[in-house]
Amino acid sequence: MIDALHYNTWFTHLSISDIRLPNEASASLVALARRTRCLSHIELNNLNLGKDFYCQFAEAASQNPLSVLSEIVFKSCASIDDKGKR
Amino acid sequence: MIKVSANVMVIEYALMNVFLAFLSLCTYATTARVPLTMLQVVGSSITKKSGVLSFSLLAKSEKVTKHIRSLDLSNSNIGNEGLAALAEFLSKCEVLAELKLHAVGIFDPVWSGLPTSLMHLEADLNKLGSERSNNIVIFDNLNRSSTLT
């Protein structure tokens, strides 16, 4: 479903809550941030994502010259910390 | 403790090749083609160190300060050190209407920098009000139509 959003230009909001995303899905979210032209709002709530995900997501969004992402909601994201990765 | 300016800190961290998740988000906010209007990072492990870095970065970006309308950093460990940097950022925000700081470990807040556009402030589960003057400053800075919890 997330992969479909790579090509779909209708939906502008994406909200995912309270599930454990497989690695493929989180990788797909990063890829989505890298290429989306229409997603303006993303909400990820209690997904138990790895600590690298948020870094990768933000970097992917930064690398997307066509990004219109303007509303970011990350909840229960304990892995956003200042330990980072090396 | 970090006392140097944001630029120097960012360079220092770049040299260490450390990528911070929250700082990455803030970097995106400063470089985004479409300005970020809402940033809610709830239940994170943002700490004083990453908070100081990130808020200093945000404060330097007019793209952020002119457009951010909602900021929620609840349930993190920003603390007073991070709050000082946050206050500097907040003082530059022009349209910030909603600020939520539930349980962020602040107890002696610097509220004088709250933007006049702020309509909704939530700062419960902090050890506020140790000095009565702090509360007075809060109310002075909020509009009559504002809500405070």
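All of the numbers you see were taken from the coordinates with simple rules; none came from a lab. All of these numbers come straight from a predicted model, not from anything done at the bench. For neighbour counting, all protein chains shown are included, and Cβ atoms are generated from backbone atoms with ideal geometry for every residue, glycine included.
For an R0 of 41 angstrom, estimate the FRET efficiency from the Cβ-Cβ distance between A:Thr9 and B:Asn80 and round to the nearest 0.05.
0.35
If the limit is 24 Å between Cα atoms, which of B:Lys66/B:Lys127; A:Lys75/B:Lys100; B:Lys100/B:Lys127 go over it?
B:Lys66/B:Lys127
What's the longest uninterrupted piece of chain A once you rule out the chymotrypsin sites (Phe, Trp or Tyr not before Pro) that are loop residues per DSSP with at most 11 other Cβ within 10 Å?
A:11-86
So what is the relative contact order for chain A, in percent, with contacts set as C-alpha pairs under 8 Å and at least six apart?
Relative contact order here is 33 percent.
Give me the distance in nm between label points sitting 7 Å out from Cα along the Cα-to-Cβ direction at B:Leu125 and B:Ser91, one decimal.
2.9 nm
Can you show me the helix-derived [θ] at 222 nm for chain A, built from DSSP H runs with n ≥ 4 at -39,500 (n - 2.57) apiece and divided by the number of residues, rounded to the nearest 500.
Value at 222 nm, helices only, nearest 500: -10000 deg cm²/dmol.
Please give, to one decimal in nm, the separation of the simple spin-label points placed at B:Phe107 and A:Met1, each 7 Å out from Cα toward the Cβ.
Placing both labels 7 Å along Cα→Cβ, they lie 4.5 nm apart.
I'd like the distance separating the alpha-carbon centroids of the range B:37-53 and the range A:47-79, in whole Å.
Here the two parts' Cα centres lie 13 Å apart.
Using the scaling law 2.2 N^0.38 Å as the reference, what is the normalised Cα Rg of the range A:2-75?
0.99
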